[in-house]
């Protein structure tokens, strides 16, 4: 069932992308795509965005007739990979596999960026909707959300939380939770979900936030 839904989403993505690049394709008198398409993931391999991109990569050739090549460009909290796409030739052969919210639209308000996400990026299609979950290590003193909140209030200490990127959906969700519950949550960003999970599993942080994938 999930694979069928993913395939349907990919078809919509390809149609949307064809409409986006149709004028230039007609000018060049080439069939699009006539070569492999690069999908830039601005995070390290192993995270939810990377896994999603690789799921699309597997079935892309069936509908596009050309390979989709996933390329990880982590660094700068996602800025390195995003800027690479912005500076690339706008011919439809370099796609950005990003968030579409959270990090992409919040970061410009937190620091000066080398690009404007509202002007330099064009949304093609949504390919997933992620839930956000909170997890903790097996040796943690709390196992449920109420226990976690009670512990934080009793101890009066910040909960250290692993997140994949600053100002991403998970980071914003944990920040909102802290304010709503009246507790301190100090998020620690990594270069991707895989690194965040590894740090949490190693006991370096108290909780972690992420997507079920």
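For the criterion of being touching a helix residue (DSSP H, G or I) at 6+ places or on another chain (Cβ under 7 Å) and within 16 Å of residue 198 (Cβ to Cβ), residue 170 fails.
Taking the residues in segment 190-211 that are assigned to a strand (DSSP E or B) and touching a helix residue (DSSP H, G or I) at 6+ places or on another chain (Cβ under 6 Å) as candidates, determine which candidate is modelled with the lowest pLDDT. Of everything passing the filter in segment 190-211, 210 is modelled with the lowest pLDDT. Report the residue count in segment 17-41 for those that are at pLDDT below 90 and either surrounded by 12 or more Cβ atoms within 10 Å (Cβ to Cβ) or over 26 Å from the mean Cα position of the chain (by Cα) (or both). Total meeting the criteria: 15. When residue 99 is tested against the conditions (1) modelled with pLDDT of 90 or more; (2) in a loop (DSSP other than H, G, I, E, B); (3) crowded, with 17+ Cβ neighbours inside 10 Å, the lone failure is (1).
Can you spot a residue in segment 169-181 that is surrounded by fewer than 24 Cβ atoms within 10 Å (Cβ to Cβ), in contact (Cβ under 8 Å) with a residue 24 or more places away in the chain and under 17 Å from residue 137 (Cβ atoms)? Yes, segment 169-181 has at least one match. In segment 118-142, the qualifying residues are those that are over 16 Å from the mean Cα position of the chain (by Cα), within 22 Å of residue 83 (Cβ to Cβ) and without any contact (Cβ under 8 Å) to a residue 40 or more places away in the chain, and the one that is surrounded by the most Cβ atoms within 10 Å (Cβ to Cβ) is 120. Residue 159 passes every criterion in (1) surrounded by 15 or more Cβ atoms within 10 Å (Cβ to Cβ); (2) under 11 Å from residue 206 (Cβ atoms); (3) out of contact with any strand residue (DSSP E or B) (no Cβ under 7 Å at 6 or more places or on another chain) apart from (3).
The values are calculated or read from the model by the stated rules, or taken from the named source; none is laboratory data. Every value quoted in this text rests on a predicted model; they were computed, and no experiment measured them. No Cβ is skipped: glycine too gets one built from the backbone with ideal geometry, and neighbour counts run over all protein chains shown.
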